[in-house]
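A short write-up of the structure that comes next.
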Amino acid sequence: MKGFKVGTLFWVIALLFLGAVSTYAQTYKVAVSQIVEHPALDATRQGLLDGLKAKGFEEGINLEFIYQTAQGNPAIAVQIAKQFVGEKPDVLVGIATPTAQALVASTRTIPIVFTAVTDPVGAKLVKNIERPEGNVTGLSDLAPVSQHVDLMQELVSDLKVIGVVYNPGEANAVSAIELLKSAASKKNLQVIEATALKSSDVQAAARIIASKVQVIYAPVDNTIASAIDALVGVCNQAKIPVVGGSTSFVESGAVASLGFDYYQVGLQTADYVEAILNGKAISEIPVSFAKGSDLFLNLKAAESLGIIIPASMLERATNLKK
Amino acid sequence: MSLFAFLGTLEIGLIYGLVALGVFLTFRILDFPDLTVDGSFPMGGAVAATAIIAGVNPWLATILAMACGALCGLVTAFLAVRCGILHLLASILTMIAAFSVNIRIMGRPNIALLGEATIFTPFEQGIFDQLHVHLAIVFLLVLFSALFIIRLLTSDFGLGLRATGVNDRMVAAQGGNIGFFTYFGLALSNGFVGFAGALFAQSNSFADVTSGVGTIVVGLAAVILGQTLLTGNRIWIAVVAVIVGSILYRLAVAFALSSGMFGMQASDLNLVTAALVAIALIAPKMKGKIRFGSLRGPSTT
């Protein structure tokens, strides 16, 4: 009996050892450094993990997923970066700006994927968006403005002129307007701007352009956000729809908006990690802006403006306000 | 822990050693609990980064950062000495004000220095790699700072500074100016902290407005940890102790970061770090108790 037990034990151990060796031979190591734990960033990480699983990289089978949070402290983020680089993972992932910067400062060789970074060029993570040099690429969570232009075209047939109200003092808004102009010029659309430095100026600014445009775009801009009701009010009088840069504007009366949740950002980050694990060169993986798939529509607002929302949009909508 | 991680830990421990020196000056020497450091540390980084981006020589930018840190200390001293605000509250006021000022200085919450020339850049060419060069330069700067503090505190002027913290009435009776010593001590302390912030930003290629969070906690932990483990009445022992304490604190964080095997998860980091530091603080006392306690019974000292 004792002999049997020892014998069984031997085989069990041998099998486990073989299993461990065969697993180890093809295990990829992904190290994730996150600045702080909050719902958006946690969802990004979970999206990354689930996205990798969907692509055949499963934790505990062929993926070692190491994760640390700096608990809001950039000095700890630096230490995490040093620790991770010393462990030589296949890919380093930095969630949010300071953690990504700490990783980039720590290694010039290990591939780094940043995510949930709004302005990767301003943060000096990459110099060239289209063709990253060195060992860094990733995903920006800037609002998907070019998708918003598509949305406006879909919503307003025969669209020629887009109006936009924004505060030129807000960095986020200014970069959104630049994206808007370049996306519009590709489609031969004209953009008419009106600026408002204070939220009390928004109403007047909207009135100036309302009669000249077919749709008004409200960018992600704190000044506009706090006066969104005033903007919607003017547009209702002028019978033109508002398309929001943020999905939250739909609740206040914008007809439509498109956005993403951070789980989606994580899923899109997994594409980057997968490409690198499969041996693609960083320079062939351009930095991109997170794509949105959450379509918010305000049916009540559309009805009062006499706009018929195309069926294709209604089908895609994830959130309807009636 | 890999060698890369160890050297990185040593470097950041040394940089925060400057913070520990600053906290030692206020907390131990002046007996002035000073929370200004949470504001003067990121200010050092903000000033150095902004100046470097604007094309200022990195060494000059670092000195500017020290000056701005010192200015924070002067503001706290003014609020405490001149306006009679309780020292803790005075330093909290400066700290929260500094947050807004830092965003004003940088114009945004984060400035990247990747690819910019820093004080480390001229030494990075050649046979040595970046990590060793950073460590060597930081070590030299901390060494000079420590020697300066030791020299200062052992001078006649330093005696007045030390006496202010121990017995300010005696200093006043001897004709010393307590107010002046407080101004000077706080400015010097926060100057060192600003220096640390500037080094941190340049070594890690970014200045972030949130990098001040918990600086005072790290500084105090370093001072108390170091002085508990390395005891002695000599000034140089105390100065060495606080720098060693800062490195030990960073080693505790590094061990906490690699504690995944004990069923700890990433969010337990602060708890594990605190537990490790607590153990380090209790250990020498336990050792003393076991050695003497079992032979002589309860200690009378």
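The values are calculated or read from the model by the stated rules, or taken from the named source; none is laboratory data. Quick caveat: nothing in here was measured; it's all calculated off a predicted structure. As a convention, Cβ positions derive from the backbone with ideal geometry for all residues, glycine included, and neighbour counts pool all protein chains shown. For the accessible areas, the whole protein counts, side chains as well, though only heavy atoms, and no ligand, DNA or RNA atoms are used. Shrake-Rupley method; radii C 1.70, N 1.55, O 1.52, S 1.80 Å.
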### Query
Which sequence of B:Thr26, B:Thr210, A:Thr109 reflects their accessible areas, 1.4 Å probe, from the largest down?
A:Thr109, B:Thr210, B:Thr26
### Query
Of the residues B:Ala283, B:Ala70, B:Ala201, which exhibits the maximal mean-square fluctuation in a Gaussian network model of chain B defined by a 10 Å Cα contact cut-off?
B:Ala283
### Query
Per-residue HN-Hα couplings for region A:97-112, Karplus 6.51 cos²θ - 1.76 cosθ + 1.60 at θ = phi - 60°, whole Hz, x for Gly and Pro?
4, x, 5, 5, 5, 4, 5, 4, 6, 8, 8, 10, 10, 6, x, 10
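Averaged per residue, what accessible area in Å² does the protein assembly as shown show with a 1.4 Å probe, protein chains only?
Numbers: 28250 Å² over 623 residues.
Normalised by residue count, the accessible surface of the protein assembly as shown is 45 Å².
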### Query
Name the residues of region A:64-99 whose accessible area, probed at 1.4 Å, falls by at least 30 Å² once all protein chains are in place instead of their chain on its own?
A:Gln68, A:Gln71, A:Asn73, A:Pro74, A:Ala75, A:Ile76, A:Val78, A:Gln79, A:Lys82, A:Gln83, A:Gly86, A:Pro98
### Query
If only Cα atoms are counted, what is the Rg of region B:3-290, and what is its Dmax, in Å?
19.0, 61
### Query
Residue by residue, what Karplus-based ³J(HN,Hα) values in Hz, rounded to whole numbers, does region A:244-250 have, using 6.51, -1.76 and 1.60 with θ = phi - 60° and x for Gly and Pro?
x, x, 10, 5, 5, 5, 5
### Task
Quick one: pull the percent of accessible area on region B:66-161 belonging to carbon and sulfur, 1.4 Å probe, ligands and nucleic acids left out.
73 percent
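Thinking of region A:145-294 as a set of Cα atoms, what percent of all their pairs are more than 24 Å apart? All intermediate terms of the calculation are to be shown ahead of the outcome.
Numbers: 3809 of 11175 pairs.
More than 24 Å apart: 34 percent of the Cα pairs in region A:145-294.
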### Query
Straight-line reach from A:Lys181: which aspartates and glutamates have Cα under 17 Å away, leaving out those fewer than 8 places along the same chain?
A:Asp150, A:Glu170, A:Glu193, A:Asp221
### Task
May I ask you to find the residues of region A:100-115 that are shielded by at least 40 Å² of accessible area once the whole protein assembly is considered instead of their isolated chain (probe 1.4 Å)?
A:Gln101, A:Ala105
### Query
Comparing the chain by itself with all protein chains present, which residues of region B:1-33 are at least 50 Å² less accessible (probe 1.4 Å)?
B:Phe4
### Task
Using the Karplus curve 6.51 cos²θ - 1.76 cosθ + 1.60 with θ = phi - 60°, work out ³J(HN,Hα) for each residue of region A:161-177 in order, rounded to whole Hz, and write x for Gly and Pro.
10, 9, x, 9, 10, 7, 9, x, x, 9, 4, 4, 5, 4, 5, 5, 5
### Task
Mind putting a number on the dipole of the protein assembly as shown about its Cα centre? Charges go on the C-beta only, +1 for Lys and Arg and -1 for Asp and Glu, and I need it in Debye to the nearest 20.
1440 debye
#### Entry: Within a Gaussian network of chain A (alpha carbon springs, distance under 10 Å), most fluctuating of A:Lys239, A:Lys181, A:Lys124
A:Lys124
### Task
Taking H placed 1.01 Å from N in the peptide plane, check which residues at least 5 places from A:Phe114 or on another chain put their amide H under 5 Å from its amide H.
A:Gly94, A:Thr137, A:Gly138, A:Leu139
### Message
Please compute one quarter of the surface area of the Cα convex hull for chain A and express it in square nanometres.
### Response
21.2 nm²
#### Entry: Test item: Cα-centred dipole of region B:3-290, Lys/Arg +1 and Asp/Glu -1 on Cβ, debye
680 debye
### Message
Using Cα springs under 10 Å in a Gaussian network model of chain A, which residue among A:Gly56, A:Gly292, A:Gly253 shows the largest mean-square fluctuation?
### Response
A:Gly56
### Query
How big is the antiparallel share of DSSP beta bridges in the protein assembly as shown, given as a percent to the nearest 5?
15 percent
### Query
What are the residues whose amide H is under 5 Å from the amide H of A:Tyr67, where those residues sit 5 or more places off or on another chain and H is modelled from the backbone?
A:Val32
### Summary
Carbon and sulfur atoms account, in whole percent of the 1.4 Å probe accessible area of chain A, for 56 percent
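Taking 8 Å as the Cα distance limit and 6 or more residues as the minimum spacing, I'd like the relative contact order of chain B as a percentage. Intermediate results must be reported in sequence, preceding the final value.
Values: 483 pairs, mean separation 100.5, N = 301.
Answer for chain B is 33 percent.
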### Cα-based shape type of region B:109-260, given that a ≥ b ≥ c are square roots of the gyration tensor eigenvalues and the cut on a/c is 1.5
prolate
#### Entry: Orientation-averaged projected area, Cα convex hull of the protein assembly as shown (nm²)
39.6 nm²
### Task
Among the lysines, select those whose C-alpha is under 16 Å from the C-alpha of A:Lys53, and discard any that sit fewer than 8 residues away in the same chain.
A:Lys29
### Query
For the protein assembly as shown, what is the mean residue ellipticity at 222 nm derived from helices alone (per DSSP H run of n ≥ 4: -39500 (n - 2.57); sum divided by total residues; nearest 500 deg cm²/dmol)?
-18500 deg cm²/dmol
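Using a 1.4 Å probe on protein heavy atoms only, how many Å² of accessible area do A and B hide from each other, summed over both chains and rounded to 100? Intermediate values should be presented prior to the final figure.
Numbers: alone 15720 and 15220 Å², together 28250 Å².
By this definition, chains A and B bury close to 2700 Å².
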### Message
Among B:Gln125, B:Ala241, B:Met95, whose Cα projects farthest towards the positive end of the dipole of region B:3-290, with charges put on the beta-carbon of Lys, Arg (+1) and Asp, Glu (-1)?
### Response
B:Ala241
